[in-house]
Amino acid sequence: FTEENWHSMAAGLPYTDARCLIGYDKEDNPVAIATVWSAGQGKPGLIEPLGVDPNHRGKGYGTAVTLAAAAALR
């Protein structure tokens with residue numbers, strides 16, 4: 001899975017109302033992703049999918065992209 005594939009997928013019709021987040025490491029490599037789906041102001045939302053590159057797990061990227069996704073829902 002590449003950043004280019006992610007952008008292609010996120011540009012599709014189902015993602016029109018979603019917010020896609022990509023986390024990068026210090027070398028500007030994409031290392032974590034999350035998509036935020038909102039039902040509207042004051043309504044519940046969903047963070048899905050969410051993932052971290054296996055080579056970058058355990059470094060806090062999952063936590064960081066989760067917090068950014070939750071902030072996007074607020």
Cα Rg, Dmax, the chain, angstrom units: 12.5, 37
Assuming R0 = 25 Å, what is the FRET efficiency of His7 and Gln41, from their Cβ-Cβ distance, to the nearest 0.05? 0.40
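Over the chain, what is the relative contact order in whole percent, taking alpha-carbon pairs under 8 Å and six or more residues apart? Before the final figure, lay out each step's value.
Working: 95 pairs, mean separation 19.4, N = 74.
About 26 percent, as a whole number.
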Using a simple spin-label model with points 7 Å from Cα along the Cα→Cβ vector, what separation in nm is obtained for Ala71 and Glu48? 2.5
Based on the mean of other beta carbon atoms within 10 Å per residue, what is the order of 57-67, 29-39, 6-16, most packed first? 29-39, 57-67, 6-16
Spin-label point model (7 Å from Cα, Cβ direction): what's the Ala18 to Asn55 distance in nm? 2.5
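Any read-out appearing in this document is the output of simple, stated calculations on the displayed coordinates, not a laboratory observation. Since this is a predicted model, take the numbers as computed values, not measurements. As a convention, Cβ positions derive from the backbone with ideal geometry for all residues, glycine included, and neighbour counts pool all protein chains shown.
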